[in-house]
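Comments concern the structure below.
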Amino acid sequence: QLQASGGGLVQPGGSLRLSCADRSNIFSLKAMDWYRQAPGKQRVWVAGISSGSAPNYLDSVKGRFTISGDISANTVYLQMNSLNSEDTGVYYCNGRDIWERNYWGQGTQVTVSS
């Protein structure tokens, strides 16, 4: 239902911009978040935006990642700068509606390697 895109292979120190779009016209989203899952590890929250609140970030990405978007249009982006190997993983976007239901989509692979 939510399609993430923009991943790829990038060298350490490089940048990528991820996009997430709603392909099924989800109704009444109130928040959108990015998660990532490194190989062999659990999925973890990375960044999020919600209506009327400032963006929030995982400590390890603060100052390097910027989340932006338009929740009313069910669209969110993640600008990732100064990437390092620990940022490698599959990135997923998540939407949460006013009834606290979660929507996930296919992820996009980000690989940081020289």
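Of all residues in the stretch 1-18, those that are among the polar types (S, T, N, Q) have Cβ atoms under 6 Å from Cβ atoms of residues that are exposed (fewer than 13 other Cβ atoms within 10 Å of the Cβ), 6 or more apart or on another chain, in Gln1/Ser24; Gln3/Arg23; Gln11/Ser114. Going by what's in this entry, would Ile49 be described as at pLDDT 95 or above, out of contact with any Phe, Trp or Tyr (no Cβ under 8 Å at 6 or more places or on another chain) and either aliphatic (A, V, I, L, M) or on the phi > 0 side of the Ramachandran plot (or both)? So Ile49 passes the test. Taken over the stretch 91-111, residues that are surrounded by 14 or more Cβ atoms within 10 Å (Cβ to Cβ) and out of contact with any Cys (no Cβ under 7 Å at 6 or more places or on another chain) amount to 12.
Here is a yes/no grid of residues against (1) under 10 Å from the mean Cα position of the chain (by Cα); (2) closer than 12 Å to Thr88 by Cα; (3) at pLDDT 95 or above; (4) β-branched (Val, Ile, Thr):
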residue: Gln1; (1), (2), (3), (4): no, no, no, no
residue: Val10; (1), (2), (3), (4): no, yes, yes, yes
residue: Leu18; (1), (2), (3), (4): yes, no, yes, no
residue: Ser24; (1), (2), (3), (4): no, no, no, no
residue: Ser28; (1), (2), (3), (4): no, no, no, no
residue: Trp45; (1), (2), (3), (4): yes, no, yes, no
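The residues of the stretch 80-95 that are touching a Leu at 6+ places or on another chain (Cβ under 8 Å) and over 15 Å from Arg23 (Cα atoms), listed by number, are Met80, Leu83, Tyr91.
Of the residues that sit in the stretch 82-114 and are of a type outside the set (D, E, K, R) and out of contact with any strand residue (DSSP E or B) (no Cβ under 7 Å at 6 or more places or on another chain), which one is farthest from Ser51 (Cα to Cα)? Within the stretch 82-114, the match that is farthest from Ser51 (Cα to Cα) is Ser114. Looking across Asp22, Asp70, Asp59, one residue alone is among the acidic types (Asp, Glu) and over 17 Å from Leu2 (Cα atoms). It is Asp59. Being in a strand (DSSP E or B) and within 17 Å of Ser5 (Cβ to Cβ) is a description that does not apply to Arg96.
The values are calculated or read from the model by the stated rules, or taken from the named source; none is laboratory data. Keep in mind that this is a model prediction, so the values were computed, not measured. Neighbour counts are summed over all protein chains in view; Cβ atoms, including those assigned to glycine, are modelled from backbone coordinates with ideal geometry.
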